[in-house]
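Let me give you the structure first, and then I'll get to my questions.
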Amino acid sequence: MSFPQDLVQLEVAWCRTYDALAVPRPAGHTALRRRLLVLSARLWWHPFWTGPGRMPAARLELRRRARAVSARG
C-alpha cells in the first residue's frame with residue numbers, strides 16, 4: 001500500500017514522541033504528552049483514511065513502516 005509522505009512523517013513523529021515518553025522520567029514530560037495528543041489527532045483525521053486507507057490493516061502497515069524508519073534514525 002502506498003501512503004502519502006506527510007502521513008508517514010506524522011506516524012514517524014508519533015513513534016519518536018511515544019518512545020521519548022517511554023523512558024523513565026523524561027525531560028519535558030508535559031510537552032511530549034501534548035505533542036503526542038496533537039499528532040494522534042492529526043493522524044486520526046488525515047484525509048487518507050477516508051479513501052484507500054479504510055482497511056484496518058492499513059493503519060497497522062503504516063505503524064510498521066514508521067517504526068522501521070524511526071529505527072533507522
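No lab work stands behind these numbers, since they all come straight from the coordinates. In this text the structure is predicted, and so the values were computed from the model without any measurement. In this analysis, Cβ positions are derived from the backbone assuming ideal geometry, glycine residues included, and neighbour counts consider all displayed protein chains.
Restricting to the stretch 17-30, what's the tally of residues that are surrounded by fewer than 12 Cβ atoms within 10 Å (Cβ to Cβ) and among the aliphatic types (A, V, I, L, M)?
Here the count works out to 3.
For Ser2, all conditions in the list (1) in a helix (DSSP H, G or I); (2) closer than 20 Å to Ser70 by Cβ; (3) over 13 Å from the mean Cα position of the chain (by Cα); (4) of a type in the set (Ser, Thr, Tyr) hold save one; what is the number of the exception?
(1)
Would you be able to tell me the number of residues in the stretch 45-73 that are under 20 Å from Ala22 (Cα atoms) and part of a loop (DSSP other than H, G, I, E, B)?
Count: 1.
Scan the stretch 38-68 for residues that are surrounded by 14 or more Cβ atoms within 10 Å (Cβ to Cβ) and of a type in the set (Phe, Trp, Tyr) and jot them down.
Passing the criteria: Phe48, Trp49.
Trp14 is checked against (1) in a helix (DSSP H, G or I); (2) of a type in the set (A, V, I, L, M, F, W, C); (3) loosely packed, with under 14 Cβ neighbours inside 10 Å and fails just one. What number does that condition carry?
(3)
Quick test for you: out of Phe48, Phe3, pick the one residue that is touching a Gly at 6+ places or on another chain (Cβ under 8 Å) and either touching a residue at least 40 places away in the same chain (Cβ under 8 Å) or polar (S, T, N, Q) (or both).
Phe3
Checking the conditions here, which among Arg25, Arg42, Arg33 is more than 19 Å from Met1 (Cβ to Cβ), outside any loop (DSSP other than H, G, I, E, B) and more than 13 Å from the chain's Cα centre (by Cα)? Steps first, answer last, please.
On the way: Arg25 fails: outside any loop (DSSP other than H, G, I, E, B); Arg42 fails: more than 13 Å from the chain's Cα centre (by Cα).
Unique residue meeting the criteria: Arg33.
May I ask you to say which residue of Val8, Val38, Val23 is β-branched (Val, Ile, Thr) and either in contact (Cβ under 8 Å) with a residue 24 or more places away in the chain or farther than 19 Å from Ser70 by Cβ (or both)?
The conditions single out Val8.
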